[in-house]
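Student: Questions regarding the structure given below will be posed in turn.
The values are calculated or read from the model by the stated rules, or taken from the named source; none is laboratory data. Here the structure is a predicted model, which means the values were calculated and not measured. Cβ coordinates were reconstructed from backbone atoms using ideal geometry, including for glycine residues, and neighbour counts include every protein chain displayed. When the accessible area is computed, the model is the full protein with side chains, heavy atoms only, and any ligands, DNA or RNA have been set aside. Shrake-Rupley method; radii C 1.70, N 1.55, O 1.52, S 1.80 Å.
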Amino acid sequence: MPDTKRTVAYFYDPDVGNYHYGPAHPMKPHRIRMTHNLVMSYGLYKKMAIYRAAPATRHEMTQFHTDDYVDFLYRVTPENAHKFHRELTKYNVEEDCPVFDGMFDFFSLYAGSSMEGAARLNRGLSDICVNWSGGLHHAKKCEASGFCYINDIVLAILELLRHHQRVLYIDIDVHHGDGVEEAFYTTDRVMTCSFHKYGEYFPGTGDLRDIGEGKGKYYAINFPLRDGIDDESYASVFEPVVRTIMDWYQPNAIVLQCGADSLAGDKLGCFNLSMKGHGKCVSFVKSFGLPTLVLGGGGYTIRNVSRTWAYETGLLVGEKMDPKLPMNDYMDYFGPDYTLDVPSHDMENTNSRKYLERIKMQVLQNLERTKF
């Protein structure tokens with residue numbers, strides 16, 4: 001078993017928490033500030049190096065996104081948006097993805113952190129890099145989608161590919177990681193593996209039969225799940241699938257998207273994972289001892305998001321954390337119990353053992369075809 005004492009770099013920029021998508025919008029960077037505050041209150045900063053990354057430039061963003069899309073995002077503001085009527089529709093910067101103050105600076109901050117985390121892994125300066133403000137997996141080459149405008153994950157993977165032959169992307173958000181899958185759908189140098197709710201649910205992609213094309217055939221893994229999946233059921237498919245990928249694909253680096261909307265009680269989610277069940281996935285991925293970039297993602301019940309990401313930061317640095325929350329700036333959010341815990345709810349698990357076994361066997365059969 002690889003040594004679990006690994007050097008961890010943690011990326012945080014206080015400016016990330018200063019932007020907002022408007023009062024009614026669920027994607028509030030405020031949860032990043034809350035997470036960071038818990039991380040500091042628990043003293044986890046003593047176990048890792050904390051960095052403020054350089055913002056990503058327009059040129060760096062165009063390594064994946066088109067020049068005209070990035071240029072539009074750079075120029076549009078709430079004040080001049082009426083002049084960009086055609087572009088707003090063309091690039092899907094409407095409804096879920098509105099124009100807001102300072103948005104390009106915000107994109108630059110979270111994308112820069114993910115890219116710099118990947119660069120640190122490449123240079124062997126850290127074993128694990130964490131950026132909870134990243135993980136915006138729905139953004140496409142020239143289109144915003146699902147609260148995501150710039151796909152920091154794709155940009156980070158492109159950085160990792162400079163030094164690594166094979167990169168594994170794992171996604172435990174409740175939504176399918178469609179933007180990342182689409183970006184690498186025709187290559188065998190990146191394997192994408194997403195566990196998500198499927199069936200009349202955003203973004204509508206991620207069928208078991210979506211396995212990649214051309215050189216990338218069998219290098220896209222989709223595990224479609226139903227409502228109410230609990231810790232035990234999730235682990236029963238997550239661990240064998242990830243272990244088989246490790247054995248046969250033998251990646252050189254991993255990117256793990258830890259979307260917290262798969263937790264029980266999320267405002268937009270429909271799964272029933274506890275904080276510990278979600279964290280078990282992080283520990284399992286860490287146990288392989290590969291250079292790993294850990295990112296945030298969705299998560300809309302912010303007291304649970306911040307608890308879980310702080311807890312997972314503790315898992316990554318090997319720190320046992322007191323279940324009783326220390327004093328912190330957001331104590332009022334965590335009442336009435338003030339504990340580091342997100343329990344499962346009393347919710348029906350519509351994923352039968354037979355269903356999960358059938359999907360798992362098909363996924364493992366597809367994986368066999370990638371054996372080196």
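Student: Around L208, what is the net charge, scoring Lys/Arg as +1 and Asp/Glu as -1 over all other residues with Cβ under 11 Å from its Cβ? Kindly include the intermediate steps, with their values, before the conclusion.
Tutor: Values: positive: R209, R358, K360; negative: D207, D210.
Value of the local net charge: +1.
Student: Let me know the whole percent of all Cα-Cα pairs from segment 184-247 that are separated by more than 15 Å. The partial results should precede the final answer.
Tutor: Values: 1115 of 2016 pairs.
Value for segment 184-247: 55 percent of Cα pairs lie more than 15 Å apart.
Student: Restricting to DSSP H runs of at least four residues, report the calculated mean residue ellipticity at 222 nm for the chain, -39500 (n - 2.57) per run over all residues, nearest 500 deg cm²/dmol.
Tutor: Values: 11 runs with 129 residues, N = 372.
Dividing the helical sum by the residues of the chain leaves -10500 deg cm²/dmol.
Student: A further question follows. Quick one: order F195, F202 from most to least accessible surface, probe 1.4 Å.
Tutor: Details: F195 0, F202 80 Å².
Most to least solvent-accessible, the answer reads F202, F195.
Student: Shifting gears a bit: Using the Karplus curve 6.51 cos²θ - 1.76 cosθ + 1.60 with θ = phi - 60°, what ³J(HN,Hα) values do you get for each residue of segment 320-333, in whole Hz, with x for Gly and Pro?
Tutor: Residue by residue, segment 320-333 yields 7, 10, 5, x, 7, 5, x, 4, 8, 5, 10, 3, 4, 5 Hz.
Student: Once you've got the Cα coordinates, tell me which of K47/K324; K140/K217; K286/K360; K47/K371 are over 27 Å apart. Provide the component values of the computation, followed by the final result.
Tutor: Values: K47/K324 20 Å; K140/K217 20 Å; K286/K360 22 Å; K47/K371 38 Å.
Going by Cα-Cα distance, K47/K371 fall outside the 27 Å limit.
Student: I need the phi-derived Karplus couplings for segment 197-204: 6.51 cos²θ - 1.76 cosθ + 1.60, θ = phi - 60°, integer Hz, Gly and Pro marked x.
Tutor: 5, 9, x, 6, 8, 4, x, x
Student: Let me ask something else about it. Are there any GluC sites (Glu not before Pro) in segment 139-241 that are in a DSSP loop and have at most 13 other Cβ atoms within 10 Å? List them by number. List each step's numbers first, then the result.
Tutor: Working: sites: E143, E159, E181, E182, E200, E213, E232; in loops: E200, E213.
For GluC sites (Glu not before Pro) across segment 139-241 that sit outside H, G, I, E and B with at most 13 neighbouring Cβ atoms in 10 Å, the list reads E200, E213.
Student: Could you calculate the contour length gain from D71 to S283, that is, 0.36 nm times the residue separation minus the distance between their Cα atoms, to one decimal place in nm?
Tutor: Values: separation 212, 0.36 × 212 = 76.32 nm, distance 3.94 nm.
Gain on stretching D71 to S283: 72.4 nm.
Student: Follow-up question, since we're still on this one. Please report Rg over Rh for segment 1-145, where both radii come from the alpha carbon positions and Rh follows the Kirkwood definition.
Tutor: Working: Rg = 16.9 Å, Rh = 16.6 Å.
Rg/Rh for segment 1-145 comes to 1.02.
Student: I need the Debye-formula profile for segment 179-286: one equal scatterer per C-alpha, no solvent, reported as log10 I(q)/I(0) at q = 0.11, 0.13, 0.20, 0.23 1/Å, two decimals.
Tutor: One equal scatterer on each Cα of segment 179-286 leads to -0.35, -0.49, -1.15, -1.42.
Student: A further question follows. Per residue, how much accessible area does the chain have with a 1.4 Å probe, in Å²? The partial results should precede the final answer.
Tutor: Details: 15300 Å² over 372 residues.
Value returned for the chain: 41 Å² of accessible area per residue.
Student: On to the next question. Leaving ligands, DNA and RNA out of it, rank K276, K5, K286 by accessible area with a 1.4 Å probe, largest first.
Tutor: On the way: K276 120, K5 175, K286 25 Å².
Per-residue accessible area, sorted high to low, gives K5, K276, K286.
Student: At 0.36 nm per residue, minus the direct Cα-Cα distance, what do T7 and Y45 gain on full extension? Give it in nm, one decimal, please.
Tutor: Details: separation 38, 0.36 × 38 = 13.68 nm, distance 1.21 nm.
Extra length available between T7 and Y45 comes to 12.5 nm.
Student: What does the charge add up to near N304, with Lys and Arg as +1, Asp and Glu as -1, over the other residues with Cβ less than 11 Å from its Cβ? List each step's numbers first, then the result.
Tutor: Working: positive: R31, K267, R303, R307; negative: D261, D266, D341.
Cβ neighbours under 11 Å give a net charge of +1.
Student: Moving to a separate point now. Over the chain, what percent of the accessible surface lies on carbon and sulfur atoms, probe 1.4 Å?
Tutor: Numbers: 7490 of 15300 Å².
The value for the chain is 49 percent carbon and sulfur by accessible area.
Student: Have a look at the DSSP beta bridges in the chain and tell me what percent are antiparallel, nearest 5.
Tutor: On the way: 3 of 34 bridges.
Counting only bridges with both partners in the chain, antiparallel ones make up about 10 percent.
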